[in-house]
1. Scanning for something touching a Pro at 6+ places or on another chain (Cβ under 9 Å) and either surrounded by fewer than 20 Cβ atoms within 10 Å (Cβ to Cβ) or within 16 Å of B:SER95 (Cβ to Cβ) (or both), does segment A:1-13 turn up at least one residue?
2. Could you list, in sequence order, the residues of segment B:42-86 that are at positive phi and of a type in the set (Asp, Glu)?
3. Please name all residue pairs, on different chains or six or more residues apart, with Cβ atoms under 8 Å, provided the first residue is in segment A:77-90 and is within 14 Å of chain B (Cβ to nearest Cβ) and the second residue is of a type in the set (Val, Ile, Thr) and outside any strand (DSSP E or B).
4. Which condition number does A:SER71 fail, the rest of (1) without any contact (Cβ under 8 Å) to a residue 24 or more places away in the chain; (2) buried (at least 16 other Cβ atoms within 10 Å of the Cβ) being met?
5. For A:ALA16, state whether it is more than 20 Å from A:LYS103 (Cα to Cα) and not in a strand (DSSP E or B).
6. Here is a list: A:GLY15, A:GLY40. Which entry is on the phi > 0 side of the Ramachandran plot and away from chain B (no Cβ under 14 Å)?
7. Among the candidates B:ALA84, B:ALA48, B:ALA96, which residue alone is touching a Cys at 6+ places or on another chain (Cβ under 9 Å) and either within 10 Å of chain A (Cβ to nearest Cβ) or not in a loop (DSSP other than H, G, I, E, B) (or both)?
8. Looking only at segment B:99-117, count every residue that is in a loop (DSSP other than H, G, I, E, B) and under 20 Å from A:ALA98 (Cα atoms) and tell me the total.
Amino acid sequence: GQNIDQPTEMTATEGAIVQINCTYQTSGFNGLFWYQQHAGEAPTFLSYNVLDGLEEKGRFSSFLSRSKGYSYLLLKELQMKDSASYLCAVSPNQAGTALIFGKGTTLSVSS
Amino acid sequence: GAVVSQHPSWVICKSGTSVKIECRSLDFQATTMFWYRQFPKQSLMLMATSNEGSKATYEQGVEKDKFLINHASLTLSTLTVTSAHPEDSSFYICSARDPGQITGELFFGEGSRLTVL
């Protein structure tokens, strides 16, 4: 079966760094995605990893270890607007198939 | 970047009526679109894959006669919730890939929040 696990909730303060972990067990693997979703809105793309290692994009970085079925999203210099749900998603097959989403991690950033 | 537009954003209907949701890719052609459903504080669950020019592929447990999908053109897919009931109240989101994007990320529509009274 397909299974993607991530923590349900996390809290942090402005300016801090937070790491959101994701583990996955899927029938195949063709890339891992991180999306941000604010309440009542559609998800927006943050990052994509298909090879092992760290991908950095501004304040956000994403790491992948395929052998461990593990990824994390690292958010630096947290801002209040970063309060949202962060979704880990896996593409199990070749391009053209749907993504499988985890349940999302709700991040609350306080001042 | 690629844009997917979904309409309507909000819809309230009476139990037993049908509701149609449209999903359009505005600046690319999509032979495949994906329809997801999301209940409060839950994950996005894939309902079906919409294929241009052929029948949609439904996920296990999704009633194809209740959730009618039509992919009339390379830029338009529609989801019709037939004989809607309160338990169908949810956030429905369509998505598609831009063939020109290497990463294969999904671009999402704005979502349609359906409330069935």
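We did not get these values from a lab; they are worked out from the coordinates using the rules stated. Please read all numbers here as calculations on a predicted model, not as lab measurements. Because the Cβ atoms are built from the backbone with ideal geometry, glycine has one as well, and the counts that use them run over all protein chains shown.
1. yes
2. Initial filter on segment B:42-86 (at positive phi): B:53, B:61, B:83.
The answer is none; no residue qualifies.
3. Here the result reads A:VAL90/A:THR26, each pair linking segment A:77-90 to a residue that is of a type in the set (Val, Ile, Thr) and outside any strand (DSSP E or B).
4. The number of the failed condition is (1).
5. Numbers: more than 20 Å from A:LYS103 (Cα to Cα): yes; not in a strand (DSSP E or B): yes.
Judged against the criteria, A:ALA16 is a match.
6. On the way: A:GLY40 fails: away from chain B (no Cβ under 14 Å).
That would be A:GLY15, the only listed residue that is on the phi > 0 side of the Ramachandran plot and away from chain B (no Cβ under 14 Å).
7. On the way: B:ALA84 fails: either within 10 Å of chain A (Cβ to nearest Cβ) or not in a loop (DSSP other than H, G, I, E, B) (or both); B:ALA48 fails: touching a Cys at 6+ places or on another chain (Cβ under 9 Å).
Answer to the check: B:ALA96.
8. Result for segment B:99-117: 10.
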